[in-house]
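What follows draws every value from the coordinates through simple rules; no lab data is involved. None of these values were measured; they are calculated from a predicted model. With ideal geometry, Cβ positions are generated from the backbone for all residues, glycine too; neighbour counts draw on all protein chains shown.
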Amino acid sequence: MKFGAIDIGSNGVRLLISRPLQEDTLKPEWKKVEFTRLPIRLGDDVFSTKEIGKKKLDLLTKAVKAFSLLLDIYNVDFYRACATSAMRDAKNSDKIVKLIKKETGITIDIITGNAESKLIMNAFLHLLPKAETFLHVDVGGGSTELTLIQENKALVGKSFNIGTVRARENKIKPEEYDKMHAWIKEHVTWVPKLKGVGTGGNIHKFGELAGVTQGNYLKLQKLVELTEDIEAIDLHERVYHLKLNPDRAEVIDVAGRIYMDIFERTNITDILTPYHGLKDGIIQDLWERFYTKQKD
């Protein structure tokens with residue numbers, strides 16, 4: 001069986017097709033069949049004009065149409081398309097969803113920040129050491145989600161309009177940082193021996209640059225050093241020396257600063273980077289629905 005996920009983010013648009021390596025468990029290992037990421041950057045429009053413009057709509061429609069063809073070619077059994085911060089904020093998002101449905105046959109679900117966080121965590125929660133307490137931090141192009149995790153369960157979480165593309169457009173309101181810092185103070189700073197879990201394409205890239213393998217921890221000090229090193233070089237060096245995609249190269253240092261702000265405030269020095277994202281969570285959720293239905 002094959003499962004597909006379309007993740008329409010503020011920076012990139014992604015398609016993941018995977019198949020379970022075991023079909024007798026709720027939490028199987030997954031084999032990646034196909035992965036495609038396109039840097040459409042819907043947030044460029046939305047965070048400056050509050051709408052998705054014609055050019056971005058055209059690119060998004062073409063991307064979803066291509067993804068639809070790949071889903072057919074790979075004979076995918078179940079799939080879901082989810083859109084996050086940029087589409088949540090776009091005044092014309094309902095119109096966009098209808099147009100893309102008409103052009104491609106794909107229905108896009110615009111999900112809340114909390115729903116986004118739950119889907120992401122569902123891909124990796126079972127992999128965390130149960131005895132440890134974690135703060136999950138997911139920094140995207142348009143929003144940052146924070147969730148306190150104890151005994152592999154999410155206790156409390158919150159989504160904030162703080163993201164890399166939003167920052168690049170200078171559209172983060174100072175009070176949004178105040179809200180996030182107040183939430184951290186209320187729900188997180190009192191927790192002893194707290195560890196971090198970082199998700200999102202940028203921290204995954206930081207993990208790769210630091211040589212951190214799956215299941216191991218990125219040290220905060222290393223994250224600080226990498227962020228400062230990247231800030232000190234220009235876009236050309238980021239692309240050709242660090243081998244970053246141009247859209248990643250433009251925002252990775254911004255993401256580093258957001259992660260640093262959160263982890264330093266919470267005294268977190270060890271950050272697990274499970275290399276899972278929304279796309280993985282969508283696929284895991286589809287599998288669990290299928291698996292549970294088969295068992296009924």
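Along the charge dipole of the chain, Cβ charges K/R +1 and D/E -1, which of GLY113, HIS204, ASN216 sits furthest on the positive end? It is GLY113, whose Cα lies furthest towards the positive end.
Note down the relative contact order for the chain as a percent, whole number, built from C-alpha pairs under 8 angstrom at least six residues apart. Relative contact order of the chain: 20 percent.
Put in line by how crowded their Cβ is, counting other Cβ atoms within 10 Å and starting with the fewest, ARG88, ARG257 read ARG257, ARG88.
Arrange the following residues from fewest to most other Cβ atoms within 10 Å of their Cβ: MET180, MET1. Before the final figure, lay out each step's value.
Details: MET180 21, MET1 13.
Fewest to most other Cβ atoms nearby, the residues stand as MET1, MET180.
Given the convex hull over the Cα atoms of the chain, what projected area results after averaging over all orientations, in nm²? Present the calculation step by step, with values, prior to reporting the outcome.
Numbers: hull surface 61.7 nm².
Over all viewing directions, the chain projects a mean Cα-hull area of 15.4 nm².
I need the shape label for segment 124-272. Rule: rounded when a/c is under 1.5, else prolate if a/b > b/c, else oblate, with a, b, c from the alpha carbon gyration tensor. Cα axes put segment 124-272 in the oblate bin. Placing pseudo-labels 7 Å out from each Cα toward the beta carbon at ALA131 and VAL156 gives an inter-label distance of 2.6 nm. Sorting 36-45, 190-199 by average packing, meaning the other beta carbons within 10 Å per residue, from highest down gives 36-45, 190-199.
Among THR133, THR49, THR147, the order by Cβ neighbours within 10 angstrom, fewest to most, reads THR49, THR133, THR147.
In a reduced charge model with +1 at each Lys and Arg Cβ and -1 at each Asp and Glu Cβ, the chain shows a dipole moment near 740 debye about its Cα centre.
Counting helices only, and only those DSSP H runs with n ≥ 4, report the 222 nm mean residue ellipticity of the chain as the sum of -39,500 (n - 2.57) divided by its residues, in deg cm²/dmol to the nearest 500.
The helix contribution divided over the chain gives -14500 deg cm²/dmol.
Rounded to the nearest 20, the Cβ-based charge dipole of segment 124-272 about its Cα centre (Lys and Arg +1, Asp and Glu -1) stands at 420 debye.
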